[in-house]
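To keep things clear, I will list the structure first and then write my remarks on it.
Just so you know, all these numbers are worked out from the coordinates, no wet-lab data involved. It should be emphasised that the depicted structure is a prediction, and the values quoted were computed from it without experimental measurement. Every residue, glycine among them, receives a Cβ derived from its backbone with ideal geometry; neighbour counts consider all protein chains shown.
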Amino acid sequence: MHGQPRKAPKPEDEAASAAKAEKLRNLQSQFLCFHHNNIYSKEALEVSARLLENNPEYYTAWNYRKLAVEHRLTQSESDPDSDSDSVNSILNVELKVVESALRQNFKSYGAWHHRKWVLSKWQSSLDHELRLLDRFQKADSRNFHAWNYRRFVASLLNISEVDELQYTTDMINKNFSNYSAWHNRSVLLSNLLKRKAQGFFPKEKVLNEEYELVHQALFTDPDDQSGWFYHLWLLEQTVKADAPLLVSSWPAHDSNLILLGDSCLEDSALSPFNTFHSELGTIPLVVYFNKAVEGVNSSTISVESVLNTKGELTWKPLSTNNSQTAQVWVTYLNYPNIKLHSSEFYPVEVSVGHTPGIISSSGFHYSHPSRFAFKVFVRPFEKDLAGHGVEMVSWREDNFLLYESHSQESNPILSLDQLNIKDDHEESSSKWRAETIANEIALFRELLSEINCKIGKLTLARLLIAHDMMLSPIANKMVHSEEVIQLYSDLMKLDSPHSQYYKDERSLVLLQQITSNRESLLRYCFRHGDRTSSFLGNSICLRLNNISLSRMGSIEKLLWVQMLDLSHNELRSMEGLEAMQLLSCLNLSNNKLSSFTALGPLRLLKSLKVLDISFNEIGSHSIDTTRYLCSSPLSHTEEIDWSHDETVTGDVNQTNYWEAFLIFKDLNLTQLDIVGNAIADEKFKSFLVKIVPTLKWLDGQELQLH
Amino acid sequence: MTAATTKTQQEQWMVENQVFQIFDLFADLPRNAKSALVELQRDNHLEYLTKGLKRLDPSFCVLDANRPWLCYWILHSIALLGDYVEHEVEDNVVDFLSRCQDPNGGYGGGPGQARKSSILWQDHLPHLATTYAAVNALITVGGERSLSSINRWSVMFEVSHFCNSAYWSHFEPNDMDSEIFCREKVYMFLKRMKQPSGAFRMHDAGEIDVRACYTAISVASVLNILDDELIQNVGDYILSTHSKEGTDSGVALGLCTYPGHELRHHIDLKVYPSCQTYEGGISGEPGAEAHGGYTFCGFATMILINEVNRLDLAGLLDWVAFRQGREGGFQGRTNKLVDSCYSFWQGGAFALLQRLHAILDEQLVNYSPQTGVASDISGGEESSDGVDDKTCHFKLGGTNASCPVNLNSIGYNFVKQPGEMEALYHRWALQQYILLCAQDMKGGLKDKPGKHRDFYHTCYSLSGLSLSQHSWSQDEDTPPLPNAVMGPYANLLERTHPLFNVVLDQYYEAHEFFDTP
């Protein structure tokens, strides 16, 4: 059997086991004889019992005993002399047979199942079952059959979850490396906390005690994994907010959005962060939640504005897998008619969740009704641009100048805090959270000063992040980010097999740090010299290039970005970028994108015009290596309507380039750079020209108009 | 600080010590001695396995009710080593397993005598796990005689009747004389009796768990008899998202390509925790802790029923990645010791993760762009059979109902895709553990140093080794690069199907054989 060392057989042992096999064969043939002839006599039952004691895996014999029990119970029902004692004795025998079988093999599925069957017919005494379980859980405290049976008995005999919780406490006190006990504890506590059982409310008090318990384990032997895994669960219970929250929006609360006509404006008094131009004749309105939600529609979010003339707004989930659940939702307001030489502004007010209906994917309702408002200014035409051609956008270094802001200018990440939803009755609980996390941080810093322990470092990093998030859940002040980045860098060396994981985590922290305040963000904001391109509403380029990013994050703070430089990083996926609805120019050159599927989120960016994906690894791998790295590895669930595009592609064999087709057919790119990818041969380029009719420049070459 | 140590920790250290001693010894050896030590002892393994098939040691009598398993473990190990058993032995296996087959379908743990009056009187009741083992063993043997010995529609009957323990009161086995009649009966019975929980029982009045789901679905899929009725609510059982009765229609589950989001609001938070635990792995039943064997079973099942997107795959990846330890091998559960059999169960989860793209092909295969209508399945498969013909047939826009997914081709398309990517676990370390620590130089493989060899560990160590060696193959016709195979290149094993765990050549033969529904 698994986990039990066997000795090498000696000759006398072999003889003994041959004799045993012989005995078993005899028992088996006797048993079969009884079984085939419907014999349920005492002797027959004895034979099957002995057979099962020797070989509990002989499940046919367990079923025979079930038939025998039913037969004998029917008999005793019709027998006027029988009483409840005889029923008891019939079933008691079964329990005994199971017990001896389990002594032979405590992992026998058949034996445990037979016991469940008996118990579901007739309730044995609670004490008896618990004693049995004690014995088996002592013999192997990780035996999952026994733990499963324990949960079965507890629910069948209505053992209170509190008592079962006490049992896990006892087991943990006996041996805190028993992860099965910790796991059962997490299951039980989740239920108790959820229904606010007596003694399990408020949750803060309960969790404090849990922290104490797990500290004992962690500090006794930090190398034992069990406690650490429980600690991660505990941390999640501490920081998690069940109800979804609105974390940001575009346009932001209290912002003054400046809409431009078909002009190229060079008015330095304007804040470029809030300047916007759209050829599509609509203004996107984006709401960003902290978790994926469904049920966003015109009744759950109301928009009051004169811009909304088309009647009811349609909200669309920004999801790459066609799901009706998404973290980010968008709708479009109509662009107002711009009259010459008139300056007007239009107030817009958005109310989120005043009518119930927004639900997180785990089933929690949005419970923080909130309101945000902004104003839309319309700038009249200043110059007629007719005949003035659009020029190619160049990402050359000398085209960028560090942006110098004007103090009166609005803050790109402004108003995130103003949107903040203060929940009065949670005041005390948020104070408790902050204290708890701070306490944990102090403890683990102390522990790590004495030992070098990777899971300890990982836990500390997560605690520090949780702490910073808690200080200000929306515009977080990343006071610990340097320390966290250092921890992840250490972990990459200490635990190299998982270094990619740590690198991703480090990228996220780095981005949180960069976006945590105006000053740090402005260090990455550049003015793009090439201001003649009219589709650029503003000329600010956010340059997050060459900072070793392996993953993109903090997008909720970057919804205003229209020009983004992510070149010279290690990005493999564009997950999350679908939220950046204003994006018109994107530089992804020199990254590790290995397929077009990795660009999937870009399909949802309707204003994207300029895309540089040169010098990536597209085509070098015959399959997509990023799919499984995304939180939704199945981005291919999209429906493809190929039949309509038949004419567009004509003779080009679209089937060879279906991934590229999927991405580019929805985009209206005018400029694309793809050089430096294995796939980018002449054949592919001619395919691109056909499927993207709007394309004007390909790899820096102006295309001939057809 | 003086840290106390737990018993678990001490055991862990003892194993680590043993393993590292072996590794240190290995590291100090001269080059030629090194390569001898990491050599797969093919001949010895074959001898050990072949002997096992001919005559079993009496100590195996506790496995008496699991004899199809012994057949499968041994035959599959031999096939992985690229060898065959003698014809006579093959014939014996087919005969033996035929005698394990119940006249009304399914395989029991040993040979039985058919009794007309009731199948409950079989010497060995048909059992899902042994049915899985027997079917896989017969596919591994291959050939007309072996494959035709499987009574598919009866197997299907078997699978369906496990759904209901009240089976015996509703069914007259004597009615099962003709196959066609049997088939109709099965469908009628299935529609009437399918339990809302969606799960399967191991055998009549037997236990219900994720293992049962896998063996049932795997067998049905490999025999080309999987249908919407069989898969209905299986995903709900694994995720414990039982909706209130009647709210989710069978249509939504059976025909919708990815029904995950539609079910979300039916989640009843109070019922049971999902089999996928907060750690990310999958447990045997709701509420239990995540376990390597069940994680593979649950994961493979969700793929085969085309609902894999309902799993939290990022969480699953996290969990399984952290199960590979310093020893190089995998542990089965959090804070347990390394065990070579998880080379397949956990390593297999990686093989599945890296091939998830293949399901895409399934969606693409049924549409022919010329006509705009769904082409028949065999046509789609012919094109992917072609050597260089990478033509895809695209599915029409709009979902499902008009163009249901062909469930039975999921397993086929899954391996037909070329694969080139880095494995998400440390392949080299795993192979080193298997070759140096799990190999008995006299033949056979074992759990860990200090343990004894057995057929179970031989089968699953070799299966895991094969997956690891082939995890970076360009496609099925291109052998792996030498640097993907630890030790001499002769260590290279045959490729195994990561969903069913039968050697690929044998799988293809079976796939063709069972092509007609």
List the residues, sorted by chain then number, that are 5 or more residues from A:Thr282 or on another chain and whose placed amide H is less than 5 Å from its amide H. A:Tyr335
Would you mind checking which residues have amide H under 5 Å from A:Gln327's amide H? H placed 1.01 Å from N; only 5 or more apart, or other chain. A:Val293
Under a point spin-label approximation (7 Å from Cα along Cα-to-Cβ), what is the B:Asp28-A:Lys196 distance to one decimal in nm? 6.6
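Please report A:Met563, A:Met469 as a ranked list, fewest other C-beta atoms within 10 angstrom at the top and most at the bottom. Working shown, then result.
On the way: A:Met563 24, A:Met469 16.
Fewest-to-most Cβ neighbours within 10 Å comes out as A:Met469, A:Met563.
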Radius 9 Å from Cβ of A:Ser351, net charge of other residues (Lys, Arg +1; Asp, Glu -1): -1
I need B:Arg326, A:Arg151 ordered by Cβ neighbour count within 10 Å, fewest first. B:Arg326, A:Arg151
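In the structure shown, do any of A:Lys609/A:Lys685; A:Lys107/B:Lys51; A:Lys665/A:Lys696; A:Lys503/A:Lys592; B:Lys54/B:Lys448 have a Cα-Cα gap over 21 Å, and if so which?
A:Lys107/B:Lys51; B:Lys54/B:Lys448
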Counting only other chains, what is the mean number of Cβ atoms within 10 angstrom of the Cβ of each residue in peptide B:282-289? 6
Residues whose built amide H sits under 5 Å from the amide H of A:Phe400, excluding neighbours closer than 5 in sequence, are A:Gly529
Expected output is a single nm value to one decimal: the length gained when fully extending between A:Arg523 and A:Glu397, i.e. 0.36 nm times separation in residues minus the C-alpha distance. What is it? 43.8 nm
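In the neighborhood of A:Arg506, defined by Cβ-to-Cβ distances under 15 Å, what is the net charge if each Lys or Arg adds +1 and each Asp or Glu adds -1?
Working: positive: A:Lys454, A:Lys457, A:Arg462, A:Lys493, A:Lys503, A:Arg551, A:Arg572; negative: A:Asp468, A:Glu482, A:Glu483, A:Asp490, A:Asp495, A:Asp504, A:Glu505, A:Glu570.
The answer is -1.
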Exposure proxy ranking, count of Cβ atoms within 10 Å, fewest first, for A:Glu482, A:Glu570: A:Glu482, A:Glu570
In the neighborhood of A:Ser614, defined by Cβ-to-Cβ distances under 9 Å, what is the net charge if each Lys or Arg adds +1 and each Asp or Glu adds -1? -3
